[in-house]
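Here is the structure we will look at, set down as structure tokens.
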Amino acid sequence: MKSFTTTILILGLLLLQPHSTQAQCKNFAKKICKLELAPYVHDGNYNAAILTEGEDAELFKTFYAGQEYRISICGSESLAKIEFLVMDVDRRVLYSNAKNNYATSWNFKVEATQQLIILVRVPSSGNSGSELASGCVAIMFGLKAE
Amino acid sequence: MATGFVKRIVKLLGLLLIVGGVACKSEKPSDKSLKVTEDELAADSVISQSIQSVKQIFYSLPSPLETALILKRSGAVYNEDLLNPVENVAHYNTSKSMALNLGIYSTDLSYASLFDQTQATINLMNASKKMADGLGILNAIDNSVIQRLEENINNRDVIMETISETFLNTNSILEEDDRVAIGSIILVGGWLEGLYLATSLVSDEKKMDNELVDRIADQKFSLETVLSLLKQNSDNADVMEIYSDMQKLSEIFYDIQISASRVEVVPASNNGATILRSKNVITVNPDVFNKLKTKVKELRTKYTA
């Protein structure tokens, strides 16, 4: 009877895992990623997802003239590095962190309001036969206050 | 007794299967955690291709805090008469009205805080708390938040940090609970309030060459994001009603012309920020502006009634 109950509880925990993973992602974004925005003020938006090696995500956002921003991308420890690109609406690359030692943040200011696309990618580790890593990736924006 | 216990366990298992099923079904494709090796992928190119193409799309609107910062930077002044009265909280009983007005109060409180209107900020945070509690977003704004605001009335940095934290709590709790439709309504409510404040604060409606009007015209870009964000939740009837309202705004924005030059990247100097150099030429006809202002006011009145 005891082992039957244990099996059921384990099964239940496995079924509820996606919810718990989201909760871990939330805590990761709040406790780790947000700190990297300082001294900029976090805008308050939450953009985070669980990504596996080889997967990517895109974020569309309008950036306003005169406002200085910091983009901070952070991934959980299970992911070796995260690549991110900032592109204009024609998908012309304006910034790539891969060309900057995989920097996790970038400060910029737009002279004219425009929509930009942030592409975040978890590169494949290339370890043949190994299990693909997955983890939380958060995209956060900081605002420079006067 | 043992039979009764087994029955209860079977019921529990059934419940867990249902809950688990819902959680899996509601997950976005990219949230799936795949446990396969690269050798397995090589052997099955179909799986490999599907993983490569999995992509999560985020549409990010200016947060209430960002909206307030842009307003202030554009020369807006503070006008308390424009805020949604906190007494109105008693009118909001549906999820849609509470979500819209949580966004509206959030923008109002960000606006008030940037103009050092401490008491208004605290009152609006209390109103936001009532909306958040009503939506079941418990602990997003707790009493310690109000207390922190009260204890730091002269410290704008702490106030901004506190406001930012409450938005993050609200957004992340809704995401975690798979209530992204409600989250999108809150964001759109906040965005519309920013547009309402901005259009109401333009003093001379015949003089269109000022920074505030330019930032209002810029909302043409954000409106595209608003529509995409709402469309992601098109299975929700409340969202679709708001989508229809936003399409009417879009028809007016169509007559606002913005031509943009190509972006030139100017590298950062002395640890400063990189500049993305470009120029927009904005053409806003005063009649179009008035049409926009009237429509925004009409929608805002509808949402705060």
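A few points about this structure:
- For a straight C-alpha distance cut-off of 13 angstrom, the aspartates and glutamates reachable from A:Lys99 (same-chain residues fewer than eight places away being disregarded) are A:Glu83.
- Per-residue mean of foreign Cβ neighbours for B:220-227 is 3 (Cβ atoms of other chains, 10 Å radius).
- Shielding by partners for peptide B:73-84, expressed as the average number of C-beta atoms from other protein chains within 10 Å of each residue's C-beta, is 1.
- Per-residue HN-Hα couplings for segment B:165-175 [Karplus 6.51, -1.76, 1.60; θ = phi - 60°; Hz; x = Gly/Pro]: 5, 5, 5, 4, 4, 4, 4, 6, 5, 5, 5
- Per-residue mean of foreign Cβ neighbours for B:207-217 is 1 (Cβ atoms of other chains, 10 Å radius).
- Radius, Kirkwood style, for segment B:64-304 when every pair of distinct Cα atoms is counted (Å): 18.7 Å
- Ordering B:239-251, B:99-111 by mean Cβ neighbour count within 10 Å, with the highest value first, yields B:99-111, B:239-251.
- The ratio of the alpha-carbon radius of gyration of segment B:168-305 to the globular-protein estimate 2.2 N^0.38 Å is 1.21.
- Ranked by how many other beta carbons lie within 10 Å on average, peptides B:142-155, A:49-62 from highest: A:49-62, B:142-155
Bear in mind that the values in this text are calculations on the coordinates, not laboratory data. All of these numbers come straight from a predicted model, not from anything done at the bench. For neighbour counting, all protein chains shown are included, and Cβ atoms are generated from backbone atoms with ideal geometry for every residue, glycine included.
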